[in-house]
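The numbers here are math on the coordinates, done by the rules we state, and not lab data. Here the structure is a predicted model, which means the values were calculated and not measured. Ideal geometry is used to build each Cβ from the backbone, glycine not excepted, and the neighbour counts take in all protein chains shown.
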Amino acid sequence: RGRLDSVKLMVEEVKTLGRGYLDLAKWARIGHVPTFEEYMEVGLVTSGMCVLLAYSIIAMEDCDEKQTNEWFQTRPKIFQPLHAVFRLKNDIATYELEISRGEVA
């Protein structure tokens, strides 16, 4: 049962990630340049960290999955800076490529 709950958790995170990508696509389509705050709200989701963390829960064999899933769903405060670092590091690394493709700044 625990493994199934972890898979369901990961599926929900993938759906959330997809909605974030849809938001970015909508902005690109209309040429909207978001404020930093707007971007980070969506960017923290599209960093993909929650999907990676949810997948990691599935991969762990020696843990109490029910307890781990419950912890994950509380969105501990450590998630925020983890997502921000991952998002900004990715943005810095891909900036030149994205500009060369004409993506919205």
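Please get the size of the charge dipole for the chain, origin at its Cα centre, with Cβ charges of +1 on Lys and Arg and -1 on Asp and Glu, quoted in debye to the nearest 20.
The dipole of the chain has a size of about 220 debye.
Note the count of lysine pairs whose C-alpha atoms are less than 24 angstrom apart in the chain, limited to pairs 8 or more residues apart or on different chains.
9
Of (1) 30, 14, 12; (2) 25, 13, 10; (3) 33, 17, 9, which is the value of semi-axes √(5λ) of the Cα gyration tensor in Å derived from the coordinates here?
(1)
Report the net charge of residues surrounding Val45, where surrounding means a beta-carbon distance below 10 angstrom and charges are Lys +1, Arg +1, Asp -1, Glu -1.
Residues near Val45 contribute -1 overall.
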